[in-house]
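Here the structure comes first, spelled out in structure tokens, and everything after it is commentary.
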Amino acid sequence: MNNAVKEQIENAIANVMHPAIDLSLTTLGIVKDVKVTDEKAEVTFAFPFPNIPIGEQLINSIKIPVTNLGVEFDYQVVIMTEDERQKFLQLEASAWKGL
């Protein structure tokens, strides 16, 4: 896959905002990694805690712009490390807007 498509995918998801926090999922560390191979994007989501209630909503908010580019979407979910979680919680506190 060429770099232009990878760049399109990264640009498409870079501005996907968290519904309750006035920051992007990328800035918050929720979108941890994006691997692009032959017509497929595999996104690693890092959630601060297991079983977060809006997990599926967050995944779909990334899936839609990726599939709109004609790219297959796959994902995995991991739990943030303690350091990542602390950074997330600090960002959340500073940019919380509520649902």
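If you go through region 20-60 and keep only what is at pLDDT below 95, in contact with a helix residue (DSSP H, G or I) (Cβ under 7 Å, 6 or more places away or on another chain) and surrounded by fewer than 17 Cβ atoms within 10 Å (Cβ to Cβ), you end up with nothing. Checked against (1) surrounded by 14 or more Cβ atoms within 10 Å (Cβ to Cβ); (2) under 11 Å from the mean Cα position of the chain (by Cα), Lys87 meets all criteria but (2). Looking at region 77-94, I want the residues that are of a type in the set (D, E, K, R) and have a partner that is assigned to a helix (DSSP H, G or I) with Cβ atoms under 8 Å, at least 6 apart or on another chain. Which pairs are those? Cβ pairs passing all conditions: Glu92/Leu28. Within region 42-84, if we keep just the residues that are in contact with a His (Cβ under 9 Å, 6 or more places away or on another chain) and either among the small types (Gly, Ala, Ser) or not in a helix (DSSP H, G or I) (or both), the residue that is farthest from Ala4 (Cα to Cα) turns out to be Ile54. Among the residues making up region 21-63, a single one is at positive phi and among the polar types (S, T, N, Q): Asn51. Cβ-Cβ contacts under 7 Å between residues 6 or more apart (or on different chains), taken from a first residue in region 18-33 that is under 15 Å from Thr44 (Cα atoms) to a second residue that is acidic (Asp, Glu), are listed as Gly29/Glu84. Once region 65-76 is narrowed to residues that are touching a residue at least 40 places away in the same chain (Cβ under 8 Å) and over 11 Å from Lys40 (Cβ atoms), the residue that is surrounded by the fewest Cβ atoms within 10 Å (Cβ to Cβ) is Asn68. Residues in region 1-19 that are at pLDDT below 95, touching a strand residue (DSSP E or B) at 6+ places or on another chain (Cβ under 7 Å) and hydrophobic (A, V, I, L, M, F, W, C): Met1, Val5, Ile9, Ile13, Ala14. The residue of region 1-17 that is surrounded by the most Cβ atoms within 10 Å (Cβ to Cβ), among those that are without any contact (Cβ under 8 Å) to a residue 12 or more places away in the chain and assigned to a loop (DSSP other than H, G, I, E, B), is Asn15.
The values are calculated or read from the model by the stated rules, or taken from the named source; none is laboratory data. Fair warning: this is a prediction, and the values are worked out from it, not measured in the lab. With ideal geometry, Cβ positions are generated from the backbone for all residues, glycine too; neighbour counts draw on all protein chains shown.
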